[in-house]
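See below for the structure under consideration.
The values are calculated or read from the model by the stated rules, or taken from the named source; none is laboratory data. Predicted, not measured: the structure shown is a model, and the values here were computed from it. All Cβ positions, glycine included, derive from the backbone under ideal geometry; neighbour counts span all protein chains shown.
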Amino acid sequence: MSTVLPSAPERADAARSALRIAPSAPARPAVAFARDRDELRAALDALDRRAGPTGRGTRAVVMTMGALHEGHASLLRAARERADQVVATIYVNPLQFGAGEDLDRYPRTLDADLSICAREGVDVVFAPAIIHDPKPLVRLSAGPLGEVLEGASRPGHFDGMLTVVATLLHLTRPDLAFFGRKDAQQLVCIRRMVADLAFGVTVVGVETVREPDGLALSSRNVYLTPEQRGQALALSRALRAGAAAADTAPADADLTDADLTDATVADPPTASGPAAAVLAAARTVLDQADGVDVDYLELVSPDDLGPVTAGPALLLVAARVGSTRLIDNISLTLPADRQGA
Ligand SMILES: Nc1ncnc2c1ncn2[C@@H]1O[C@H](COP(=O)(O)OP(=O)(O)OP(=O)(O)O)[C@@H](O)[C@H]1O
Ligand SMILES: CC(C)(CO)[C@@H](O)C(=O)[O-]
Ligand code: BAL
């Protein structure tokens, strides 16, 4: 992506309008809008000054790529409930997009985003044109967590994501950071980065917000035609079928990969017992769906994305519907198997 750096006069202009005001609900202080690091620092300092001698209390950050929807709004509300200061970031991070992905056509709706931030009581919106310029030489690595599932299909995605999340944590200096469970692997990577590298911030996961018919809200849903939107429902249907199978599978279910036909398991996981029953139930729904090209359907441990046979598990799916790549997941509990694993 080519970026034109603002000239000195443009920078001065930007500094003068550092705290441009976006519309806000009456009795609430206006949202401060920061377009670069200097403006952000000024806005955060102003926020701290407003808090007075008692100190700023807790600060929360909600990071987004914009095109805000009710999923983002629920993150903002969760942050507003838990923190005295709420900072939202809006940035379509080029580092996490691979060649041929949708960086250029990613939806950008800044005015509407600002209205949602104002409605949800956000204090500061940080929406820079570019964060790393030039591109950073040093990047974070998600390690093995970044090589499976989404990472296998989007090489480098989680390294680019962590690099910008780390940068935004440093720039916004929050006590709490809120992320959606819809991006489950992202949440696992961020939790591990924060723990492994001692970031000193509390990461909070927020439940996936869905349309009444089950479709997980996603900025990329706008790419779907009405027909594709209907087809996309197969993802959440498959996850629900998998979760139902977990609830009903006996702990000693003896269904193994051998019971699943080649047609139903293209890339068989080494699952057996309840795990295989869950995968088979979800896969059956996907196999019957029109227009859904499955990338992966996997059942993993929510802690490290490794294999799981009993206890808490994440069932994740990624699929292409038309040219749109969608992801979704559901948490479930596998009954303990005969060995009590
Ligand atoms: N339906 C949802 N429910 C709860 N949180 C969500 C939902 N969709 C996105 N989020 C969260 O909002 C934050 C910002 O996500 P992002 O801006 O990428 O939106 P998105 O809808 O996931 O976009 P995309 O379609 O690009 O995946 C992330 O923490 C993400 O997990
Ligand atoms: C966390 C994030 C804002 C980093 O760019 C992005 O991956 C997203 O919106 O989920
Ligand atoms: N919410 C995920 C961001 C991405 O797909 O790049």
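Before moving on, here are some points about what is shown:
- Members of region 39-72 that are aliphatic (A, V, I, L, M) and more than 15 Å from ligand 3 (Cβ to nearest atom): LEU40, ALA42, ALA43, LEU44, ALA46, LEU47, ALA51, ALA60, VAL61
- Within region 177-206, being within 20 Å of ARG80 (Cα to Cα), near ligand 2 (Cβ under 10 Å from one of its atoms) and of a type in the set (Val, Ile, Thr) holds for no residue.
- Residues of region 90-124 satisfying the condition of being within 13 Å of ligand 2 (Cβ to nearest atom) and in contact with a strand residue (DSSP E or B) (Cβ under 7 Å, 6 or more places away or on another chain): ILE90, ASP113
- For the residues THR208, THR163, the requirement of being of a type in the set (Val, Ile, Thr), closer than 23 Å to ARG77 by Cα and outside any strand (DSSP E or B) singles out THR208.
- The sole residue among GLY291, GLY311, GLY322 that is more than 16 Å from ligand 2 (Cβ to nearest atom) and over 26 Å from ALA232 (Cβ atoms) is GLY311.
- Region 138-188 - residue that is within 13 Å of VAL61 (Cα to Cα) and over 16 Å from the mean Cα position of the chain (by Cα) and, of those, nearest to ligand 3 (Cβ to nearest atom): THR167
- Put simply, of LEU145, LEU169, LEU187 the only residue that is outside any loop (DSSP other than H, G, I, E, B), among the aliphatic types (A, V, I, L, M), within 14 Å of ligand 1 (Cβ to nearest atom) and within 28 Å of ALA319 (Cα to Cα) is LEU187.
- Strands (runs of 3 or more DSSP E) fully within region 1-71 counting 1 or more residues that are modelled with pLDDT under 50 and surrounded by 14 or more Cβ atoms within 10 Å (Cβ to Cβ): 20-22
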